[in-house]
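I have placed the structure first, in the form of structure tokens, so that the comments after it can refer back to it.
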Amino acid sequence: MSGDDRAVPDGWMTTGTPDRQTVTSDWLAIDPPPIDGVRIKEIRPVATSNPRGSLLASS
């Protein structure tokens, strides 16, 4: 289907607006909307393996 063949949406889809951007391309929060009792906390990745072998001791 080409871009000109798309159907016109009905109902709520005709008046809907997209949400604003909430993160950057680096996944950093952009002025997060305030929600009572909610905090934004950055969680960094955790290494799960080691180039020399497993982090867990093998038996």
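Tally the residues that are open to solvent by less than 100 Å² (accessible area, probe 1.4 Å) and at pLDDT 80 or above, restricting the search to the range 37-56. The qualifying residues number 2.
One line per residue, one yes/no per condition, for (1) under 14 Å from the mean Cα position of the chain (by Cα); (2) surrounded by 10 or more Cβ atoms within 10 Å (Cβ to Cβ); (3) in a loop (DSSP other than H, G, I, E, B); (4) modelled with pLDDT of 80 or more:
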| residue | (1), (2), (3), (4) |
| --- | --- |
| M1 | no, no, yes, no |
| D4 | no, no, no, no |
| D10 | no, no, yes, no |
| T14 | no, no, no, no |
| R20 | yes, no, yes, yes |
| P32 | yes, yes, yes, no |
| I35 | no, no, yes, yes |
| S58 | no, no, yes, no |
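The values are calculated or read from the model by the stated rules, or taken from the named source; none is laboratory data. Computed from a prediction, not measured in an experiment: that's the story for all the values here. Every residue, glycine among them, receives a Cβ derived from its backbone with ideal geometry; neighbour counts consider all protein chains shown. What goes into the accessible areas is simple: the full protein's heavy atoms, side chains included, and nothing from ligands, DNA or RNA. Shrake-Rupley method; radii C 1.70, N 1.55, O 1.52, S 1.80 Å.
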